[in-house]
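Asker: Following this message is one structure expressed as structure tokens.
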Amino acid sequence: MATTNAISILGIPGSLRNGSYNRLLLNAARELMPSIAQLEVYDLADIPIYNQDNEQALPRSVEIFKQKILQADAILFASPEYNYSIPAVLKNAIDWASRPMGKSAWARKPAAVIGASAGMLGSVRAQYHLRQVLVALDMPTVNQPEVLVGTARACFDADGRLTDATSRDLLKRLLENLVDLTQTHRH
Ligand code: FNR
């Protein structure tokens, strides 16, 4: 946890895809972030498939991931929707960092959820599944506004910049609320 007033936020995209809209959404979050906060994006490509046999001696990439979470003041999840839920790659990483029992990296860490999807509903079903998981992880989470970037292809330009004005406005407000929640939890 940072010792200054500055706030460090770890952005976790739930997609490994080159050109992922959810990573582009995190790029937009970096652009729209309140000046007191900084966003680092953490790619999940190195996280192996979870196996409980290995959780007493965690894989090195999982140790590093857990350290990143512990050092951050807050977490920003950007998740696609896969078959009405969150992608396995994201749930897998969440499960690793919650273990071993009693040594979760997530506990009491403020969080916010955003998402983009090809469908019109903008990942809303995945976001609600993720919010349920965050209850299990004991993460205080920003409730409003919801950032649901539907029909994602139409919301980004050819350079990958989020151009949809409503999405930009909602994202900016959500980031302000995440910073407020993080500051409240510091006190
Ligand atoms: C999808 N997609 C999708 N979209 C949606 O709105 N609801 C859904 O249930 C699903 N299900 C689904 C399953 C699987 C296995 C894939 C690969 C895709 C489409 C999805 O929204 C689209 O691929 C996004 O572009 C994925 O996000 P990224 O990779 O662009 O961040």
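Asker: Before anything else, pin down the relative contact order of region 86-187: Cα pairs under 8 Å, at least 6 apart, normalised by residue count, whole percent.
Answerer: On the way: 127 pairs, mean separation 27.4, N = 102.
That works out to 27 percent.
Asker: Karplus couplings for region 103-116 from phi (6.51 cos²θ - 1.76 cosθ + 1.60, θ = phi - 60°), rounded to Hz, Gly and Pro as x?
Answerer: 10, 5, 7, 8, 4, 6, 7, x, 8, 9, 10, 9, x, 10
Asker: With Cβ to Cβ distances under 11 Å as the rule, what net charge do the other residues near Leu32 carry (K, R +1; D, E -1)?
Answerer: On the way: positive: Arg30, Arg168, Lys172, Arg173; negative: Glu31, Asp169, Glu176.
Once positives and negatives cancel, what remains is +1.
Asker: Count charges around Pro87 for me, please; just the other residues with Cβ under 11 Å from its Cβ, Lys/Arg as +1, Asp/Glu as -1. Please list the in-between numbers first.
Answerer: Details: positive: Arg17, Lys91; negative: Glu81.
Cβ neighbours under 11 Å give a net charge of +1.
Asker: Okay, next question. Rounded to a whole number of µm²/s, how large is the Stokes-Einstein D of region 69-183 at 25 °C and 0.890 mPa s, given Rh as the Kirkwood radius over C-alpha pairs?
Answerer: Working: Rh = 14.7 Å.
So the translational diffusion coefficient is about 167 µm²/s.
Asker: For Arg108, Arg125, Arg173, give the ranking by accessible area with the largest first, probe 1.4 Å.
Answerer: On the way: Arg108 130, Arg125 80, Arg173 105 Å².
Most to least solvent-accessible, the answer reads Arg108, Arg173, Arg125.
Asker: A follow-up question, please. Hey, can you find the accessible area per residue of region 109-155 for me, probe 1.4 Å, expressed in square angstrom?
Answerer: Working: 2040 Å² over 47 residues.
Heavy-atom SASA per residue in region 109-155 reads 43 Å².
Asker: Another question, then. Run through the DSSP bridge list for the chain and note the antiparallel percent, rounded to the nearest 5. Don't skip to the answer; put the middle values down first.
Answerer: Numbers: 2 of 20 bridges.
Here the antiparallel bridges make up roughly 10 percent for the chain.
Asker: Still on this structure: Can you list the HN-Hα couplings for region 44-56, worked out from phi with the Karplus curve (6.51, -1.76, 1.60; θ = phi - 60°), rounded to whole Hz and with x for Gly and Pro?
Answerer: Result, ordered by residue: 8, 4, 8, 7, x, 5, 4, 9, 4, 4, 9, 8, 7 Hz.
Asker: Next question, about the same structure. Leaving ligands and nucleic acids out of the surface, order Asp180, Asp53 by accessible area at 1.4 Å, largest first.
Answerer: Numbers: Asp180 85, Asp53 135 Å².
Listed by decreasing accessible area, they come as Asp53, Asp180.
Asker: Search the structure for amide H atoms under 5 Å from the amide H of Gly11, placed 1.01 Å from N in the peptide plane, and list their residues when 5 or more places away or on another chain.
Answerer: Close amide H contacts, sequence-distant or interchain: Glu40, Val41, Tyr42, Leu76.
Asker: Okay, next question. In deg cm²/dmol and to the nearest 500, what is the mean residue ellipticity at 222 nm of the chain if only DSSP H runs of at least 4 residues count, each as -39500 (n - 2.57), divided by the residue total?
Answerer: Working: 5 runs with 69 residues, N = 187.
Roughly -12000 deg cm²/dmol at 222 nm, from the helical runs in the chain.
The values are calculated or read from the model by the stated rules, or taken from the named source; none is laboratory data. In this text the structure is predicted, and so the values were computed from the model without any measurement. Methodologically, a virtual Cβ is constructed for each residue, glycine included, from the backbone with ideal geometry; neighbour enumeration extends over all protein chains shown. We work out accessible area using only protein heavy atoms, side chains counted, and drop any ligands, DNA or RNA first. Shrake-Rupley method; radii C 1.70, N 1.55, O 1.52, S 1.80 Å.
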